[in-house]
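Participant: Here it is, the structure in full.
The values are calculated or read from the model by the stated rules, or taken from the named source; none is laboratory data. Just so it is clear, the structure is predicted and the values come from calculations on it, not from any experiment. So basically every Cβ, Gly included, is an ideal-geometry build from the backbone, and we count neighbours across all protein chains shown.
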Amino acid sequence: MKPDSLFAQRSIVAVALVVLGIAAILNYVQEHVRVFNREQDRLQTQAHVIEENLNQTLVALNGVLGDIRQQLPAVEPADNLNRYLKTLSDGMPSVRTLAVLDVNGHALAASRPELVGFQLIDPDYRQQAEFQMAGRLDIDTLYISPPFRSTLGAFVIGVSRTWTDSRGKVGGVVIATLDRNYFSPLLDSIRYAPDMKAALVHWDGDVFLAEPEQNGLADANFLRQGSFFAEHRQSGRDITVLPHVRFSQGDARMMIQRTVKPAGLKMDKPLVVEIDRSVDEIYATWRRDARLFAALYTLILITSLFVLHAYQRKQKEADLREAAAAQRIEASERFMKTITDHLPAMVAYWTDELRCRFANGAYLEWFGKAPQELIGTRIQDLLGEELFRKNEPYIRAALQGERQQFARTLIKADGSTGYTWAQYIPDRQEGIVHGFFVLVSDVTPLKEAERALAESEWKLRTIIETEPECVTLLAADGTVQQMNPAGLAMFGAASEQQVAGTSMGGMIDAPYQPAFNALLADVGEGKSGTLTFELVGLTGIHCWLECHAVPMRDRNERITGSLCVMRDITDRKKAEQELQHLAQTDSLTGLANRRHFMALAEQELEHCSRYGGPLAVLMADIDRFKKINDTHGHKCGDAVIRRMAELCRKTLRSADVVGRLGGEEFAVVLPETDLRHAVDVAELLRQRIGQAEVHTDTGEVIRFTVSIGVASRTDKNADIETLLAQADEALYAAKNSGRDKVCEYEAAATGVGENGGAARPKS
């Protein structure tokens, strides 16, 4: 950028800022004047409102007092006159009292009867002199007294006219006292701002009323040498405007003084309305706006200088880049032409007369034309009538300056079908379209890819629809969005709409819901997981499902939900439960096998240790079982063992733990059973077994007996192995003492027996 240009830009910005500042200053000066004039007009208007009200009041009072004076002879005696005055007073809210006074100020009649006979004017009051000189009073003049304190203690102004007796001699005055309470709301109503003050002042300078009320103002007198009130009286004007006065307190105020003197009404002394406002409050908004503009102007000034500096620096850099670019443009034009000719897209330019001016190699190849054949050719001749008719709306729109984009299927020069995406870009120069550029991309591979994708999606959907497993798409909150037919069948739903928006967790059996919610939380964090749970379908059918969940992501890799593939494993679950049952159960008897019995016995012993209470153990063995096998065969031996298990189940409680430890040996744990009751249970079992019969296939009857050993938990530290060993020792005692017996194990101090005790038969 040239130095002259830099200086010119800086000069323009400086001039603009100066002009803006001067314009703003002038505007704020004018606004200051407007605020002054507006406020002065408002104060004068408010003062005029009070003046008009007082004018109407004084004119009305003048008429009323004149009527009273004329009616004095007609309304005698005094009672009638009192009632007459009372009626008039009630109809005039501005009047406190109406009274007829003699020349000495005594009330001859009054609207308030209690005042009759009293001297209503204080003898010490200066107005009293007027009554002593009643003979010199003008009967046509309305006399306005200074404010005074009435006999009843009210602060009033007297408005009076003289009256004469039958001989034409002045007999006294008819007086009305103005009610201060009537004029107070009037003055307050014209105050449109908190700082505004209004006062009603007698011509002698005595304040009758002020709003807002101020201490001591009722006794104040404005008529002093050099006061604003004195200046108003001396000016002789009805209205005095004081735009900027300063009181002793230092508060500068705008003041309006207006003399109340109705036209055509003869008064001895008028009243004055005085209204003022604080100058600081009047210009508060103006000052605030001025400060705001000053701050804004400073900001604009700093910002403008900064922006100008940054712009000029960028402009210098741009100029350098432009100079370098200009050098490259010339070299690159040849390069760009070469590039254009080798672009896979077709590029051409058509004038507003629809004649070809330029076409790259791809464009020429598509239509099978040489450059000399295509340049200058009309587009109608190149495209043919039918294709031109299809493209004509886009061509006309491009020539009107609107960029066009559309897809088109074309037949290539070699007869093959091609798919294109065409763009018509208007060549606009100074608002005039001179032609349009054509950019046509061969999207045949893309179209083929779209078809392949559509076919792939169709295949994928077909796979999902026919997939025998449940494929479900869940939203981030766990609600169902999509579900394939296999899943709908698993959940007992007639249609996808029946489950769409339903919480998957709500259809899972309650014990598995926390685990499922935890799985969804993991998936929400980008993990995958598998969970087996029991499903409660919409029709109430229970089944077991194995769910594998993975995150679903959008194109921005954000997790939007989860994909769940669920397999019905009800049959497998039943097989697992069956295997578990087989692993814990003796296949011959259906009782707990040795391992499962020991686990259950440990649980009962732990419960007994924790909560207290007795516990007993039985060890039972079928007598001479080998002989039964040898005599009748193992099949009959198995029948005897099953019969033994059956009798144990029928005789013992459901809370008792019964197990087959091996061969013909059985064990029983009796919770909450002491030794004595355990022996009784064992004896009952022995008797029932002794009475039982087992029939062979040949019709023979097999009878068998059992020997039982009983032990109880006396040592709190004894484990289940110890108790079983004690019961086993008692069992062998029963065997050795003749079989078919119940023996109990008892601890002995002599240490007899392998566990420090002895076994004895039940007596």
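Participant: Find all pairs meeting these conditions: Cβ atoms under 7 angstrom apart; at least six residues apart or on different chains; first residue within segment 566-593 and in a helix (DSSP H, G or I); second residue surrounded by 11 or more Cβ atoms within 10 Å (Cβ to Cβ) and modelled with pLDDT of 70 or more.
Facilitator: Every condition considered, the pairs that remain are 570/543; 570/544; 573/544; 584/592; 584/593; 584/596.
Participant: Now for a separate question. Could we say that residue 523 is modelled with pLDDT of 85 or more and either of a type outside the set (A, V, I, L, M) or part of a strand (DSSP E or B) (or both) here?
Facilitator: Taking the combined requirement at face value, the residue does not satisfy it.
Participant: Any residue at all in segment 158-167 that's in a strand (DSSP E or B), hydrophobic (A, V, I, L, M, F, W, C) and buried (at least 18 other Cβ atoms within 10 Å of the Cβ)?
Facilitator: Checking segment 158-167: at least one residue is in a strand (DSSP E or B), hydrophobic (A, V, I, L, M, F, W, C) and buried (at least 18 other Cβ atoms within 10 Å of the Cβ).
Quick grid of which residues meet (1) surrounded by fewer than 14 Cβ atoms within 10 Å (Cβ to Cβ); (2) assigned by TED's automatic domain parsing to the domain that holds residue 475; (3) among the hydrophobic types (A, V, I, L, M, F, W, C); (4) more than 16 Å from residue 573 (Cα to Cα):
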residue: 491; (1), (2), (3), (4): no, yes, yes, yes
residue: 496; (1), (2), (3), (4): no, yes, no, yes
residue: 502; (1), (2), (3), (4): no, yes, no, yes
residue: 518; (1), (2), (3), (4): yes, yes, yes, yes
residue: 524; (1), (2), (3), (4): no, yes, no, yes
residue: 529; (1), (2), (3), (4): no, yes, no, yes
residue: 535; (1), (2), (3), (4): no, yes, yes, no
residue: 544; (1), (2), (3), (4): no, yes, yes, no
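Participant: For residue 616, indicate whether it is more than 26 Å from residue 669 (Cα to Cα), assigned to a strand (DSSP E or B), in contact with a helix residue (DSSP H, G or I) (Cβ under 7 Å, 6 or more places away or on another chain) and modelled with pLDDT of 85 or more.
Facilitator: no
Participant: Within segment 9-17, can one find any residue that is hydroxyl-bearing (Ser, Thr, Tyr), assigned to a helix (DSSP H, G or I) and under 29 Å from residue 255 (Cα atoms)?
Facilitator: No, the conditions are met nowhere in segment 9-17.
Participant: Could you list all residues from segment 59-108 that are in a helix (DSSP H, G or I), touching a Lys or Arg at 6+ places or on another chain (Cβ under 9 Å) and among the basic types (Lys, Arg)?
Facilitator: 69, 86, listed by residue number.
Participant: Same structure, new question: When both residues are 6+ apart or on different chains and their Cβ atoms are under 6 Å apart, which pairs have a first residue that lies in segment 358-375 and is crowded, with 17+ Cβ neighbours inside 10 Å, and a second that is outside any strand (DSSP E or B) and among the charged types (D, E, K, R)?
Facilitator: Here the result reads 360/341, each pair linking segment 358-375 to a residue that is outside any strand (DSSP E or B) and among the charged types (D, E, K, R).
Participant: From 553, 572, which residue is within 38 Å of the chain's Cα centre (by Cα), more than 13 Å from residue 478 (Cβ to Cβ) and among the charged types (D, E, K, R)?
Facilitator: The match here is 553.
Participant: If you don't mind, there's one more thing I want to ask. Criterion first (over 18 Å from residue 359 (Cα atoms) and touching a residue at least 12 places away in the same chain (Cβ under 8 Å)) does residue 385 satisfy it?
Facilitator: No: the conditions fail for residue 385.
Participant: Of everything in segment 686-742, what is without any contact (Cβ under 8 Å) to a residue 60 or more places away in the chain and β-branched (Val, Ile, Thr)? Give them in sequence order.
Facilitator: 689, 694, 698, 701, 714, 722, listed by residue number.
Participant: Just for segment 182-216: of the residues that are part of a helix (DSSP H, G or I) and free of Cβ contacts under 8 Å to residues at least 24 places away in the same chain, which one is farthest from residue 82 (Cα to Cα)?
Facilitator: Within segment 182-216, the match that is farthest from residue 82 (Cα to Cα) is 189.
Participant: List the pairs whose first member sits in segment 3-25 and is surrounded by 10 or more Cβ atoms within 10 Å (Cβ to Cβ), whose second member is modelled with pLDDT of 85 or more, and whose Cβ atoms are under 6 Å apart, counting only residues at least 6 apart or on separate chains?
Facilitator: What qualifies is 17/301; 24/293.
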